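Report on one structure; see the data block that follows.
The values are calculated or read from the model by the stated rules, or taken from the named source; none is laboratory data. The shown structure was predicted, so the numbers you read here are calculated from the model rather than taken from an experiment. Every residue, glycine among them, receives a Cβ derived from its backbone with ideal geometry; neighbour counts consider all protein chains shown. For the accessible areas, the whole protein counts, side chains as well, though only heavy atoms, and no ligand, DNA or RNA atoms are used. Shrake-Rupley method; radii C 1.70, N 1.55, O 1.52, S 1.80 Å.
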Amino acid sequence: HHAAVAVVDGKIYVIGGFSKVGSIARLIEEYDPVKDEWRFETTTPIALHHAAAAVVNGKIYVIGGFKKGGIAVADVFEYSPDEERWLQKKSMPTARGGLAAVAVNGKIYAIGGKGNDVEGANEVYDPESDSWETLKPMPTPRDNLAAAVVANKIYVIGGRKNGDKGS
């Protein structure tokens with residue numbers, strides 16, 4: 001659980017998270033709903049949980065998350081399922097996990113999350129130029145939130161404030 005999920009060419013990729021025994025998983029598994037089959041795809045460059053993922057041009061971008069000890073990271077990795085290859089990309093300006101990421105018009109928006117001085121972080125990544133831009137923060141900072149895109153508008157839903165499970 002607490003894995004990132006992405007969809008490429010009708011296949012679902014589950015990235016990182018915790019294993020059954022509570023260790024941080026360093027793998028990507030692929031689910032093919034047509035064949036109703038799971039398969040091991042590859043391992044991730046580092047073990048992460050609470051990372052976010054978004055897809056642009058058939059490539060999966062794994063963004064942020066927590067590594068061992070609950071330390072927030074700003075790392076960004078690009079994974080190409082066709083080539084089964086990882087590339088490290090420019091890190092986010094704000095290290096955080098429990099964030100949401102969505103792709104709109106070829107850019108990836110990394111929203112919210114928990115880390116040091118996050119306060120509603122809202123940043124956009126351009127895969128073409130491998131660059132980040134900081135945008136206006138969310139009015140209500142939160143982590144472990146969901147985000148969706150409809151008609152090029154980003155909707156941020158739910159979450160919790162400052163890691164409070166009761167919020």
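Over region 86-167, average the accessible area per residue using a 1.4 Å probe and give it in Å², no decimals. Please report the intermediate quantities before stating the final value.
Working: 4600 Å² over 82 residues.
Per residue, region 86-167 has an accessible area of 56 Å².
Given Cα pairs under 8 Å that are at least 6 residues apart, what percent is the relative contact order of the chain? Before the final figure, lay out the partial values.
Numbers: 453 pairs, mean separation 22.3, N = 167.
Across the chain, relative contact order equals 13 percent.
Using only the Cα atoms of region 97-167, each taken as one equal point scatterer with no solvent, compute I(q) by the Debye sum, divide by I(0), and report log10 of the ratio at q = 0.12, 0.22, 0.24 Å⁻¹.
-0.30, -0.93, -1.06
Quick one: putting +1 on the C-beta of Lys and Arg, -1 on the C-beta of Asp and Glu, what dipole do you get for region 1-51 around its Cα centre, in Debye to the nearest 20?
Working: 5 positive and 7 negative charges, 47 e Å.
Charge dipole of region 1-51: 220 debye, to the nearest 20.
Using only C-alpha positions, report the orientation-averaged shadow area of the convex hull of the chain, nm², one decimal. Before the final figure, lay out the partial values.
On the way: hull surface 39.6 nm².
So the mean shadow area of the Cα hull is 9.9 nm².
How high is the FRET efficiency from Arg160 to Lys20, r the C-beta distance, R0 30 Å, rounded to 0.05?
On the way: r = 25 Å, r/R0 = 0.82.
FRET efficiency, Arg160 to Lys20: 0.75.
For region 67-124, rounded, prolate or oblate, judged on the Cα gyration tensor with a ≥ b ≥ c (square roots of eigenvalues), a/c < 1.5 rounded, else prolate if a/b > b/c? Numbers along the way, then the final one.
Numbers: a/c = 2.46, a/b = 1.37, b/c = 1.80.
Judged from the Cα gyration tensor, region 67-124 comes out oblate (a/c at least 1.5, b/c at or above a/b).
Just to verify a number: FRET efficiency for Lys35 and Glu83, C-beta to C-beta distance, R0 = 22 Å, to 0.05?
Values: r = 22 Å, r/R0 = 0.98.
That pair, Lys35 with Glu83, gives E of 0.55.
Between the DSSP loop rule and a limit of at most 16 other Cβ atoms within 10 Å, which trypsin sites (Lys or Arg not before Pro) in region 1-56 are left? Intermediate values should be presented prior to the final figure.
On the way: sites: Lys11, Lys20, Arg26, Lys35, Arg39; in loops: Lys20, Arg26, Lys35.
In loop regions of region 1-56 (DSSP not H, G, I, E or B), the sparsely surrounded trypsin sites (Lys or Arg not before Pro) are Lys20, Arg26, Lys35.
Give the ranking of Thr42, Thr134, Thr140 by solvent-accessible surface, highest area first, calculated with a 1.4 Å probe. Working shown, then result.
Numbers: Thr42 25, Thr134 95, Thr140 70 Å².
Most to least solvent-accessible, the answer reads Thr134, Thr140, Thr42.
Report in % the part of the accessible area of region 35-167 that belongs to carbon and sulfur, leaving out ligands and nucleic acids; probe 1.4 Å. Intermediate values should be presented prior to the final figure.
On the way: 3230 of 7040 Å².
Using a 1.4 Å probe with all protein chains present, region 35-167 comes out at 46 percent carbon and sulfur.
If you plug each phi of region 31-46 into the Karplus form 6.51 cos²θ - 1.76 cosθ + 1.60 with θ = phi - 60°, what whole-Hz ³J(HN,Hα) values come out, in order, with x for Gly and Pro?
My calculation for region 31-46 gives 10, 9, x, 5, 8, 6, 10, 9, 8, 6, 9, 5, 9, 7, x, 9 Hz in order.
Would you mind computing, in nm to one decimal, how far apart the modelled labels at Asn152 and Asn105 are, each placed 7 Å from Cα along Cα→Cβ?
Once both label points are built, they end up 0.5 nm from each other.
In the chain, once you exclude exposed GluC sites (Glu not before Pro) (DSSP loop, at most 14 other Cβ within 10 angstrom), what's the longest stretch remaining?
Values: sites that count: Glu83, Glu84, Glu119, Glu128.
That would be 1-82.
Taking the chain as a Gaussian network, Cα atoms linked when under 10 Å apart, which of Ile157, Ile111, Ile15 shows the biggest mean-square fluctuation?
Highest fluctuation of the listed residues: Ile157.
Taking a virtual spin label 7 Å from the Cα of Lys136 along the C-beta vector, which residues in region 89-117 bring their backbone nitrogen under 16 Å of it?
Answer for region 89-117: 112.
Dipole of the chain, Cα-centred, from +1 at each Lys and Arg C-beta and -1 at each Asp and Glu C-beta, to the nearest 20 debye?
On the way: 20 positive and 21 negative charges, 139 e Å.
Dipole magnitude for the chain comes out near 660 debye.
Shape verdict for region 1-89, please, from the Cα gyration tensor: rounded (a/c under 1.5), prolate (a/b greater than b/c) or oblate. Write out the running numbers ahead of the final one.
Numbers: a/c = 2.06, a/b = 1.28, b/c = 1.60.
Oblate.
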